[in-house]
Amino acid sequence: MNHKALFEPTQLGPYTLKNRIVFPPLTRQRSEQPGNVPSDLMAEYYRQRAGAGFMITEGTQIEPRGQGYAWTPGIYTEQQIEGWKKVTRAVHAEGGIIFAQLWHVGRVSNSALQPEESAPVAPSAIQAEQAKAFIETGPGTGTLVTPSVPRELTRSEIKDLVNLYAQAAKNAISAGFDGVEIHAANGYLVNQFISEHANQRKDEYGGSIENRLRFLDEIVQAITHAIGPDRLGVRFTPLFSSTDEDRVYIGLVESDPHKTYVEAVKILENAGVAYVSIAEADWENAPDLPEAFRREIRAIFSGRIIYAGRYTAERGSRMVEEQLADLIAFGRPFIANPDLPERIAKGWGFNDINTSTLYGGTGAGFTDYPVYNAQR
């Protein structure tokens, strides 16, 4: 077997994972319309990839205001919950473990996506830059647009949002998920509260690092109360540099990212959550995360650590062997290779990804990638 470190079983909360290969959150925009409902096609897509030791769904918005891209699924209506049941049943039938990623885009939205075409909501009324929303322009067609100027959330609305996260976690468990992940990365709502660039509030939710982390802390506490800390994970993007390249929007660079995210991870440790997922810069020639940061996260956090971001099997295996990571996520390779763990174990070649079918559409470029044996 190649890369044996990736195939050692491990515990994640109450679950024993069969390997350390993660299928991470990947936006695909294939939900059924109207209603942003998970579909039979989505159930097949996740079932095909259940060879992963651990799976997290694409971001699923916790309320209508949380949507920034057309055709992404939600987890706040009964119809959506019923749709997700198809996914969880399919994955569990294959012996998989799957968490739902709870998502709110905050200011990275456009009024065309918002209820009654209102302004998006955010910690501060600061328009998102170097980001795009995606709106529908016709059946199955859409376009990227500039995010609208958001309005600042009131204190009472922030409390309501914390409750919406907790309710979404309960909805996920009702849908059969094994747990949930808070999307606190990529410049979306929770990340906006954390960021000194997006958060200019003068109350207890803004200013100091402690205040900017308060929203995250309150959501973590609410979800752990609702479903337990061992069924919760959190995803961050602790960027230490940026780029002017045209790229997928992956977040904001703080003046002191090391301190910001060390303090954020301490919140997770204090709550006893199951894992932290760290998504690294993924553009071409992006610098690696500082070694000192990786080692401090390992020193302060007793749960499982997941890394994602242009990892090869070789690099991922080395990270596990060096005990800096417990699990390694493979994004685009897993899209194009539904049998990715077996391909890694046996040294088989990989399918190439079709980038033109990543977002929206049908089963083409979604459920039609062949497994290795089908190509022989």
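The values are calculated or read from the model by the stated rules, or taken from the named source; none is laboratory data. Just so it is clear, the structure is predicted and the values come from calculations on it, not from any experiment. Neighbour counts run over all protein chains shown; Cβ positions are idealised from the backbone, glycine included. Ligands, DNA and RNA are excluded from the accessible area calculation, which covers all protein heavy atoms including side chains. Shrake-Rupley method; radii C 1.70, N 1.55, O 1.52, S 1.80 Å.
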Kindly establish whether Arg231 is open to solvent by 40 Å² or more (accessible area, probe 1.4 Å), at pLDDT 95 or above and in contact with a helix residue (DSSP H, G or I) (Cβ under 9 Å, 6 or more places away or on another chain). yes
Within the range 275-282, is even one residue modelled with pLDDT under 95, farther than 24 Å from Ile223 by Cα and surrounded by fewer than 18 Cβ atoms within 10 Å (Cβ to Cβ)? yes
Determine which single condition Ser356 fails, assuming it passes every other condition in (1) small (Gly, Ala, Ser); (2) touching a helix residue (DSSP H, G or I) at 6+ places or on another chain (Cβ under 8 Å); (3) over 18 Å from Pro24 (Cα atoms). (2)
Could you check the range 346-376 and list, in sequence order, the residues that are in contact (Cβ under 8 Å) with a residue 24 or more places away in the chain, open to solvent by 50 Å² or more (accessible area, probe 1.4 Å) and within 29 Å of Glu136 (Cβ to Cβ)? Tyr359, Gly361, Thr362
Would you please name the residue that is farthest from the chain's Cα centre (by Cα), looking only at residues in the range 305-331 that are within 22 Å of Tyr372 (Cα to Cα) and free of Cβ contacts under 8 Å to residues at least 40 places away in the same chain? Thr312
Can you tell me which residues in the range 298-333 are touching a strand residue (DSSP E or B) at 6+ places or on another chain (Cβ under 9 Å), of a type outside the set (Lys, Arg) and in a helix (DSSP H, G or I)? Ala313, Gly316, Ser317, Met319, Val320
Of all residues in the range 172-181, count the ones that are under 16 Å from Thr77 (Cα atoms), of a type outside the set (Gly, Ala, Ser) and surrounded by fewer than 24 Cβ atoms within 10 Å (Cβ to Cβ). 1
Number of the exception - Met1 against (1) more than 30 Å from Leu113 (Cα to Cα); (2) in contact with a Phe, Trp or Tyr (Cβ under 9 Å, 6 or more places away or on another chain); (3) open to solvent by less than 40 Å² (accessible area, probe 1.4 Å): (3)
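Yes/no matrix, rows are residues, columns are (1) touching a Pro at 6+ places or on another chain (Cβ under 9 Å); (2) open to solvent by less than 20 Å² (accessible area, probe 1.4 Å):
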{"position": "His183", "(1), (2)": "yes, yes"}
{"position": "Gln200", "(1), (2)": "yes, no"}
{"position": "Asp203", "(1), (2)": "no, no"}
{"position": "Glu210", "(1), (2)": "no, no"}
{"position": "Gln221", "(1), (2)": "no, no"}
{"position": "Ile227", "(1), (2)": "no, yes"}
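This table checks each residue for (1) assigned to a helix (DSSP H, G or I); (2) farther than 21 Å from Gly303 by Cα; (3) at pLDDT below 95; (4) not acidic (Asp, Glu).
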site: Asn211; (1), (2), (3), (4): yes, yes, no, yes
site: Asp217; (1), (2), (3), (4): yes, no, no, no
site: Gly251; (1), (2), (3), (4): no, yes, yes, yes
site: Tyr261; (1), (2), (3), (4): yes, no, no, yes
Within the range 337-345, identify whether any single residue is of a type in the set (A, V, I, L, M), touching a residue at least 24 places away in the same chain (Cβ under 8 Å), open to solvent by 30 Å² or more (accessible area, probe 1.4 Å) and not in a loop (DSSP other than H, G, I, E, B), and answer yes or no. no
